[in-house]
Amino acid sequence: QEQPVESGGGLVQPGGSLRLSCAASQSSSSINAMVWYRQAPGKQREFVAYITRSGSTAYADSVKGRFTISRDSAENTCSLQMNSLRPEDTAVYYCQTNTIRGQYWGQGTQVTVSS
């Protein structure tokens, strides 16, 4: 299986936190970057954050200061810590691995922010 596997989604109240994880099947040396996207109902999929093999990160303006991406190269996993969640963060969150053999998408994990 080449696709990454996401976990950690769920229902949380506004202002709460969730931590998403993405487990890649490829070796860390073959992964150039791991990227999180999200897609809300009726909207296009949008970029959330990425982290490169060297540890460089970038965030969408909408999540900057609230979300933190990190990577455990030894475990081939990537995490997205989401704090101060808002109803507009509700979406299916997808992990993408950018590898030397191509890009692979996970199946997604649902995040719902609601009171």
Among the candidates Leu85, Leu80, Leu20, Leu11, single out the residue that is among the aliphatic types (A, V, I, L, M) and outside any strand (DSSP E or B).
Leu85
All but one of (1) at pLDDT 95 or above; (2) over 24 Å from Gln1 (Cβ atoms); (3) part of a loop (DSSP other than H, G, I, E, B) hold for Gln107; which doesn't?
(2)
Restricting attention to the stretch 49-61, does a residue exist that is in contact (Cβ under 8 Å) with a residue 40 or more places away in the chain and either of a type in the set (A, V, I, L, M, F, W, C) or part of a loop (DSSP other than H, G, I, E, B) (or both)?
no
Where residues in the stretch 33-56 are of a type in the set (S, T, N, Q) and exposed (fewer than 15 other Cβ atoms within 10 Å of the Cβ), which of them is modelled with the lowest pLDDT?
Ser54
Among (1) surrounded by fewer than 13 Cβ atoms within 10 Å (Cβ to Cβ); (2) at pLDDT below 95; (3) outside any loop (DSSP other than H, G, I, E, B), Ala74 falls short only on (3)
Please determine, by comparing only the residues of the stretch 77-105 that are among the hydrophobic types (A, V, I, L, M, F, W, C) and in contact with a helix residue (DSSP H, G or I) (Cβ under 9 Å, 6 or more places away or on another chain), which one is most open to solvent (accessible area, probe 1.4 Å).
Ile100
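The values are calculated or read from the model by the stated rules, or taken from the named source; none is laboratory data. No experiment lies behind these values; they were computed from the predicted model shown. As a convention, Cβ positions derive from the backbone with ideal geometry for all residues, glycine included, and neighbour counts pool all protein chains shown. Note: accessible area is taken over every heavy atom of the protein model, side chains too, but ligands, DNA and RNA are not part of it. Shrake-Rupley method; radii C 1.70, N 1.55, O 1.52, S 1.80 Å.
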